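One structure below.
Each reported figure results from applying straightforward, stated rules to the coordinates on display, with no laboratory input. Note that the structure is a prediction, hence the values are computed from the model and not measured. Using ideal geometry, Cβ is built from the backbone for each residue, glycine included, and neighbour counts are taken over all protein chains shown.
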Amino acid sequence: MLPDVLAALSGLGLGLSLIVAIGAQNAFVLRQGLARQHVGAVVLVCALSDAVLIAAGVAGAGAVVQGRPVLLDVVRVAGAVFLTTYGLLAARRAVRHDVLAPRGGAVPASLAATATTALALTWLNPHVYLDTVVLLGSIAQSHPGRQWWFAAGAAVGSVVWFSALGYGAALLRPLFARPRAWQVLDAAIAVVMLVLAASLVAAAL
């Protein structure tokens with residue numbers, strides 16, 4: 001039983017180390033948490049997506065990804081287009097007071113649109129295939145007979161992180177009572193998205 005627990009804890013630690021970083025997906029989850037818009041759905045989409053990718057990596061999909069680099073190039077280009085669009089929208093919010101994050105009469109994005117954005121930010125990110133599928137999948141094999149315990153630990157790490165980020169954002173809401181704070185956040189999100197888009201284009205060339 002102890003080796004199973006150790007494998008799960010190893011997966012938990014590695015999973016957290018890979019997702020606790022500033023990126024497009026985390027920035028989106030944070031913003032939704034601050035805005036209190038469809039937080040549960042966003043957390044669910046991100047956590048389930050990670051679980052599927054982790055399971056695919058443990059099942060051996062990492063070898064397929066490594067053997068077909070052209071697939072990653074396609075994802076890089078698609079991801080760059082999406083991130084550029086999202087980044088420009090964030091920049092627009094940062095400079096226009098009338099499109100700042102939710103206030104009184106603002107109409108929030110629909111559940112479908114929000115879930116679609118969360119899916120795109122997850123599945124159009126080539127790093128998720130390299131980190132979650134290839135890296136996690138490979139390291140899981142270092143726990144022979146306990147790969148799925150390792151996978152379970154990594155999946156729990158995703159649930160814990162996205163839940164903490166989405167729902168924990170409420171602790172920052174007093175700060176974001178000021179429109180200027182939303183401008184700074186959206187400006188930071190725009191920079192992150194555009195830098196990531198540029199890195200994807202560079203990697204595909």
For LEU135 and VAL160, extending 7 Å from Cα along the Cα-Cβ vector and measuring point to point gives, in nm, a value of 1.8
With the 8 Å Cα cutoff and a minimum separation of six or more residues, the chain has a relative contact order in percent of 48
The extension gain from LEU171 to ALA59, computed as 0.36 nm times the residue separation minus the Cα-Cα distance, is 36.5 nm
With x for Gly and Pro, the residue-by-residue ³J(HN,Hα) of the range 140-157, computed from phi through the Karplus equation 6.51 cos²θ - 1.76 cosθ + 1.60 at θ = phi - 60° and given in whole Hz, is 4, 5, 7, 10, x, x, 10, 4, 6, 5, 4, 4, 4, x, 5, 5, 4, x
So ASP4 and ALA198, fully extended at 0.36 nm per residue minus their Cα-Cα distance, gain in nm 65.7 nm
To the nearest 10 degrees, the tilt of helix 111-123 (Cα long axis) against the first principal axis of the alpha carbons of the chain is 50
Rounded to one decimal in nm, the spacing of the 7 Å Cα→Cβ label points at VAL52 and ALA112 is 1.8
The FRET efficiency for ARG36 and VAL95, from their Cβ-Cβ distance with R0 = 25 Å and rounded to 0.05, is 0.60
Longest principal axis of the chain (C-alpha) makes with the long axis of helix 69-95 (C-alpha) an angle, in degrees to the nearest 10, of 30
In a Gaussian network model of the chain with springs linking alpha carbons closer than 10 Å, the residue among LEU172, LEU34, LEU16 that fluctuates most is LEU172
By the Cα gyration tensor axes a ≥ b ≥ c (a/c under 1.5 gives rounded; else a/b larger than b/c gives prolate, otherwise oblate), the shape of the chain is oblate
With Cα coordinates, the longest principal axis of the chain makes an angle with the long axis of helix 39-59, in degrees rounded to 10, of 20
